[in-house]
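Reviewing the structure listed below.
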Amino acid sequence: MKTKQIFPGLAALLLVWLTVSALPGAADAGQKGQSGLTVVELYTSQGCSSCPPADFLLGQLARQSGILALSFHVDYWDYIGWKDPYGSADNTRRQRDYKKTFNRSYVYTPQMVVGGMFEVTSSDIAAVKDGIRQAGLAPNVPIGLVRDDSGDLNISVSGSARPAQLAIWLALFELTTETRVRRGENRGRTIINHNVVRTFKKIGDWTGAPKTLTVAAAELKQHKGRGCAVFLQSELKGPILGAAAIILEPQR
């Protein structure tokens, strides 16, 4: 076992979610998302010469059923000479929060975090696969995503038999980007990135009771990226206990 698992009591924590209620009924019309996904986060940078193979691997994972692969670009490589156009301090802070969770003394790229439960160097493909397999065994809280005819995104989170205290996160991402890097370690390379997170924010709290909320079409239009994901995770990081995604097609 090469993945690094968080929390000695993780099995006990996950046991809380073994019983979930049925997903509330969704509207008959409109786009519907896919639920029950395993989230794979890649922490990467266009300024890092070791990252392009990991970017490619994430693209392969993004095409697999049941996986929500997200690329979080950090900004701490920018000083070398190339400012990653998708890097952000918010993404760096998220990775540093994971550093505390996994009890590491440093952050690094390329790093993959699977299901919020395991962290692994993305060059270790066997460990990546094993982390995905194990995370896929965890109980999953169903999340419904429906984009109605007005363009609003309606979100429904199932209930649990036990109380909880998790945040509901919204991620908006660009499906594919292509960048010609002109300086730094990757100078002269054209880098293709997949599912690049452009907006990531908390939109609500989930206490274990069924919950519905709506993201207005006007708000969605303010952000870049056709990809949209919603998942449940503590603000202190840790296991992701429910994830869903939808492609935001243009509204007629």
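The values are calculated or read from the model by the stated rules, or taken from the named source; none is laboratory data. Predicted model only: the values in this text are computed from it and were never measured. Here the Cβ positions follow ideal geometry from the backbone for every residue, glycine too, while neighbour counts run over all protein chains shown.
Looking across the range 116-134, just one residue is under 17 Å from the mean Cα position of the chain (by Cα), of a type in the set (G, A, S) and in a helix (DSSP H, G or I), and that is G131. When R63 is tested against (1) closer than 28 Å to L213 by Cα; (2) surrounded by fewer than 20 Cβ atoms within 10 Å (Cβ to Cβ); (3) under 15 Å from the mean Cα position of the chain (by Cα), exactly one condition is not met: (1).
Going by what's in this entry, would D97 be described as acidic (D, E), modelled with pLDDT of 95 or more, part of a loop (DSSP other than H, G, I, E, B) and farther than 25 Å from V215 by Cα? It is false that D97 is acidic (D, E), modelled with pLDDT of 95 or more, part of a loop (DSSP other than H, G, I, E, B) and farther than 25 Å from V215 by Cα. Scanning the range 219-250 for residues that are of a type outside the set (D, E, K, R), more than 15 Å from L145 (Cβ to Cβ) and either in a strand (DSSP E or B) or in contact (Cβ under 8 Å) with a residue 60 or more places away in the chain (or both) gives Q233, S234, L236, G238, P239, I240, L241. In this structure, R189 does not satisfy being touching a Phe, Trp or Tyr at 6+ places or on another chain (Cβ under 6 Å) and surrounded by fewer than 19 Cβ atoms within 10 Å (Cβ to Cβ).
Please pick out the residue among L172, L137, L145 that is touching a His at 6+ places or on another chain (Cβ under 6 Å), within 23 Å of S234 (Cβ to Cβ) and either in a strand (DSSP E or B) or modelled with pLDDT under 95 (or both). Unique residue meeting the criteria: L172. Is there a residue in the range 192-206 that is without any contact (Cβ under 8 Å) to a residue 40 or more places away in the chain and loosely packed, with under 14 Cβ neighbours inside 10 Å? Taking every residue of the range 192-206 in turn, at least one turns out to be without any contact (Cβ under 8 Å) to a residue 40 or more places away in the chain and loosely packed, with under 14 Cβ neighbours inside 10 Å. One residue alone among V128, V146 is under 22 Å from P52 (Cα atoms), in contact with a strand residue (DSSP E or B) (Cβ under 8 Å, 6 or more places away or on another chain) and of a type in the set (A, V, I, L, M), and that residue is V128.
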